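The values are calculated or read from the model by the stated rules, or taken from the named source; none is laboratory data. Just so it is clear, the model here is predicted, and its values are computed rather than measured. All Cβ positions, glycine included, derive from the backbone under ideal geometry; neighbour counts span all protein chains shown. To get the accessible areas, we keep the full protein, side chains included, count just its heavy atoms, and leave off ligands, DNA and RNA. Shrake-Rupley method; radii C 1.70, N 1.55, O 1.52, S 1.80 Å.
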Amino acid sequence: KLDTQLVLALKQSRGEPPFDKPTSLEPDIPIKHAGRVLVDMEASVSKELLNQIALVGGQVINGSETATTLRAMVPLSQLETLAGRADVKFISPARLTITSGVEASPAP
């Protein structure tokens, strides 16, 4: 239920192989801050799930939830707990999207 990059980050935080010796391997997690990671969750989104995310020190990004997905900043150490829930299908690092716009010139 956890993306391989998140599993790597957990192993790195615990000093587990391959991070028990010098390596240039680095988990590809775009947003990390103060031990928390920005993740996308596929889940049956419910009040109980939102409450547990808050309880473990996470924060759901306002406006990100649908019935089946949400984005949240979650402590790395709590990802396995959340992934262990029956209502959580998959957790992956948040994929950032870049939108570009072209402004129309005002009519002369």
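Among residues other than Ile53 with Cβ under 12 Å from its Cβ, the summed charge is +1 (Lys and Arg +1, Asp and Glu -1). From largest to smallest, the equivalent ellipsoid semi-axes obtained for the chain from the alpha-carbon gyration tensor read 29, 21, 11 Å.
Heavy atoms only, probe 1.4 Å: what % of the accessible area of the chain goes to carbon and sulfur, would you let me know? It is 55 percent, rounded to a whole number.
Quick one: angle between helix 4-14 and the longest Cα principal axis of the chain, in degrees between 0 and 90, rounded to 10, please. Here the helix axis deviates by roughly 50 degrees. Amide H to amide H, with H built 1.01 Å from N, Val37 comes under 5 Å of Val74, Leu76, counting only residues 5 or more places away or on other chains. With R₀ fixed at 25 Å, the C-beta to C-beta distance from Ser77 to Thr97 puts the FRET efficiency at about 0.40. Averaged per residue, the chain has 63 square angstrom of accessible surface, using a 1.4 angstrom probe with ligands and nucleic acids left out. Comparing mean-square fluctuations of Ser44, Ser24, Ser64 from a GNM of the chain with C-alpha springs under 10 Å, the top value falls on Ser24.
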